[in-house]
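Report on the structure given below.
The values are calculated or read from the model by the stated rules, or taken from the named source; none is laboratory data. Given the structure is predicted, the values throughout are model-derived calculations rather than measurements. Neighbour counts are summed over all protein chains in view; Cβ atoms, including those assigned to glycine, are modelled from backbone coordinates with ideal geometry. Quick note on the areas: whole protein, heavy atoms, side chains included, nothing else; ligands and nucleic acids left out. Shrake-Rupley method; radii C 1.70, N 1.55, O 1.52, S 1.80 Å.
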Amino acid sequence: MEHHIRYDAAQRALILLDQRLLPTRQEDFVCRTTEDIVTALQVMVVRGAPAIGVTAAWGCVLAAYEAAEAGDHWHPVLDGLLERIAAARPTAVNLRWAVDRMRKVWKTAGHAPFATLISLWESEARRIHRDDIEINRAMGRHGAALIDEGDTVMTHCNAGALATAGYGTALGVIRGAVDAGKKIAVIANETRPFLQGARLTAYELHEDHIPVTVACDNACGHLMRKGMVQKVVVGADRIAANGDAANKIGTYSVALLAREHGVPFYVAAPLSTIDRNTPDGDHIPIEDRTPREVTHVGDTQITPDGVPVYNFAFDVTPAALIAGIVTEVGVLRAPYTESIAEAFRKAGLE
Ligand code: MRU
């Protein structure tokens, strides 16, 4: 599944499979302007940290075309549009990472004419897009070794092909194990309130004929106590320099239950999700989304009028609960401050 994010140069459009409608409807959402990109990110037409980064990179190209309409003043206009994209969602660091990469190309190009910038940016966005798939496949190869024949692997949210340019991070590890010939099964936690697990993880694994069962989020303890879960693998939206990892709300509870039941808990994420400028999990901004996602299921109201709700979209799992972080350069182990620094050195990112 690699066609859910498509750039159409002729139409100057980014075409996104609208993930709000899955699994029952497959419809595209076409972005032509910066505002379309920001809306797609905020209402979660596209979601998942690496997919957000890829979308943002293409969004910069659309923003450049838009800024060109300002004539000679396109520089400050473009600067403002890029900041608007980078600020669309706060937690997934891949969003700002991708915009920063595009900005770096712009800076290197100096006072190059507009047409040159467009050409450089289309190449850079394509590179970010293609590299993401390769990075996920590398994570899949490294992570496959952590999964044993016959395991049932629990995952939370959707860290699959749909959350990336293709193959997935946590689901990349699962796909890597399957590609290595291991017979495994998956439990997809439904992931209230947006239901990424029930709708998206179940959808893409079922399409790939990987056995998947959906469980309510609150079944996790029972399933682990019954010995029905051998490993947990999740993705991440931002990993701090010390290894604390922000992921979809509920992940922390899964990690605590995993420790209680002796189930290894792994995080799979590319180095672009590791933010070494964030010292620890307490410094990761947590998105607070609209109450309506909690008060309603579809159009049906499920809470009484006037009762407030919490809708924090992410939580932080402390590094101490994480058995390993699967990256494109290998599986990192505690102490994470050291292993993360070493991984960045190995990848030439210092
Ligand atoms: O709110 P979402 O759906 O963007 O949150 C997504 C997650 O929490 C994923 O687990 C994470 O981004 C990793 S995606 C490979």
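For the range 141-346, the relative contact order is 21 percent, taking Cα pairs closer than 8 Å that sit 6 or more residues apart in sequence and dividing their mean separation by the residue count.
Shape of the range 115-209 from its Cα gyration tensor (a ≥ b ≥ c, root eigenvalues): rounded if a/c is under 1.5, otherwise prolate when a/b > b/c, or oblate? Verdict is oblate for the range 115-209. Are there trypsin sites (Lys or Arg not before Pro) in the range 1-88 that DSSP puts in a loop and that have at most 10 other Cβ atoms within 10 Å, and which ones? Here the trypsin sites (Lys or Arg not before Pro) that fit, given the DSSP loop and packing criteria, are R25.
Surface exposure of the range 119-165, expressed per residue as accessible area with a 1.4 Å probe, stands at 35 Å². Ligands, DNA and RNA left out, the accessible area of the chain computed with a 1.4 Å probe is 52% carbon and sulfur. If you take the Cα centroid of the range 103-146 and the Cα centroid of the range 231-297, the two points sit 25 Å apart. Could you tell me which of rounded, prolate or oblate describes the range 143-291, using a ≥ b ≥ c as the square roots of the eigenvalues of the alpha-carbon gyration tensor, with rounded for a/c under 1.5 and, failing that, prolate when a/b is larger than b/c and oblate otherwise? Since a/c stays below 1.5, the shape of the range 143-291 is classed as rounded. Measuring r between the beta carbons of H206 and H111 and using R0 = 45 Å, the FRET efficiency lands at 0.30. The chymotrypsin sites (Phe, Trp or Tyr not before Pro) found in the range 249-319 that occupy coil by DSSP, while having at most 10 further C-beta atoms within 10 Å, are Y310. As an equivalent ellipsoid, the range 5-136 spans semi-axes of 24, 15, 14 angstrom, where each value is the square root of five times an eigenvalue of the C-alpha gyration tensor, largest first. Judged by the mean number of other Cβ atoms found within 10 Å, the most tightly packed of the peptides 290-299, 92-101 leads the ranking 92-101, 290-299. Ordering L200, N94, T317 by Cα displacement along the dipole of the chain toward the positive end leaves T317 in first place; charges were set at the Cβ atoms of Lys, Arg (+1) and Asp, Glu (-1).
Can you list the aspartates and glutamates whose alpha carbon sits under 13 Å from that of K226, skipping same-chain ones fewer than 8 residues off? Filter leaves E260. Residues D72, D131, D179, sorted by accessible area with the largest first, give D72, D179, D131 [1.4 Å probe; ligands and nucleic acids excluded].
Mind listing which GluC sites (Glu not before Pro) in the range 123-221 are in a DSSP loop and have 12 or fewer other Cβ atoms within 10 Å? Could you put the intermediate results ahead of the total?
On the way: sites: E124, E134, E149, E190, E204, E207; in loops: E149, E190.
The qualifying sites are E149.
The translational diffusion coefficient of the chain, from Stokes-Einstein at 4 °C and 1.567 mPa s with a Kirkwood hydrodynamic radius over alpha carbon pairs, comes to 63 µm²/s.
Answer rounded, prolate or oblate for the range 218-350, using the Cα gyration tensor with square roots of eigenvalues a ≥ b ≥ c: rounded when a/c is under 1.5, else prolate when a/b is larger than b/c, else oblate. Oblate, because a/c is 1.5 or more while a/b does not exceed b/c. Going by accessible surface with a 1.4 Å probe and the largest first, H261, H111 read H111, H261. Between K183 and A334, the modelled labels are 3.5 nm apart [label points 7 Å from Cα along Cα→Cβ]. Solvent exposure of the range 246-309, expressed per residue, is 52 Å² of accessible area, with all protein chains present and a 1.4 angstrom probe.
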